[in-house]
Each structure stands twice: as C-alpha cells, then as structure tokens.
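Step one of this worksheet: look at the structure below.
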Amino acid sequence: MARRAGVSTKTVYRLIPNKAALLESMVSNRLDRLVSDLNLRSADHTDIEEALSAALMVCAVLALDAEVIALQRMVLQEAGKCSEIAGMYYVNGIKRTAGALADWLRSSKGVG
C-alpha cells in the first residue's frame, strides 16, 4: 500500500500507528463514500420503490467493488493475528453499513 501511495512504509507507520488503525481508516473512508452515494442516489427519486432500488444498487456495487474485496481479504488475513481487527471491521464496516441503510430507510419514509 505504501508503494502505491508513493511513500515509504516508515512514513505510513509514522502517520498511522498500526495495521488495525490503517484498516479502520480504510473501512471508514469507504463507508463514508457509501453513505454519500446512498444519499445522493436516493435524492434523485421521488418514488420509494425507485429510491430503494437505487440504494440497494449502491450497496451491491460496494459489495462487489475490487477495493472492498481486497480490504476484506486483508481484514481476514490480519484477524487471525489480531482479534481487534475483526471487531473493528464488524463495528466500523458491517454494523455501520447496516446502520447507515437503516437511517436512510427511516429518512426516506416520506419519499413519494
């Protein structure tokens, strides 16, 4: 990852203290983009069925995104070495995604 960013591994670890923090940052960043996409796409629709379809497409695109799949693989590889990573991924990834979708559904009840 450091090489792709054009910095040394030492620089990365100076900015981010450990792998768990790095993965947490990556998960949070990706989820922030999902929530933004959900809100933008659903705002384009006045019909709840169309809005829900658009929101679920955003979730499907996220689940199949190459970056997300690579991130999940990293989490699975590191979780065996550090259980904190698995817990972080659940709380900041899976649970937060479900919460974002639930919040969107609550706020979209008035659509259409």
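The values are calculated or read from the model by the stated rules, or taken from the named source; none is laboratory data. For clarity, every value in this text was computed on a predicted model and none was experimentally measured. FYI the Cβ positions are ideal-geometry reconstructions off the backbone, even for glycines, and counts take in every protein chain you see. Accessible surface is based on the protein model in full, side chains and every heavy atom, while ligands, DNA and RNA are left aside. Shrake-Rupley method; radii C 1.70, N 1.55, O 1.52, S 1.80 Å.
What number of residues within region 64-74 satisfy the criterion of being of a type in the set (Val, Ile, Thr) and either closer than 14 Å to residue 29 by Cβ or open to solvent by 70 Å² or more (accessible area, probe 1.4 Å) (or both)? Number satisfying all stated conditions: 1. Within region 3-25, restricting attention to residues that are in contact (Cβ under 8 Å) with a residue 12 or more places away in the chain and among the aliphatic types (A, V, I, L, M), the residue that is surrounded by the most Cβ atoms within 10 Å (Cβ to Cβ) is 23. Elements of the type helices (runs of 4 or more DSSP H) sitting completely within region 48-99 and holding at least 2 residues that are hydrophobic (A, V, I, L, M, F, W, C), in contact with a Ser or Thr (Cβ under 7 Å, 6 or more places away or on another chain) and modelled with pLDDT under 80: these cover 48-64.
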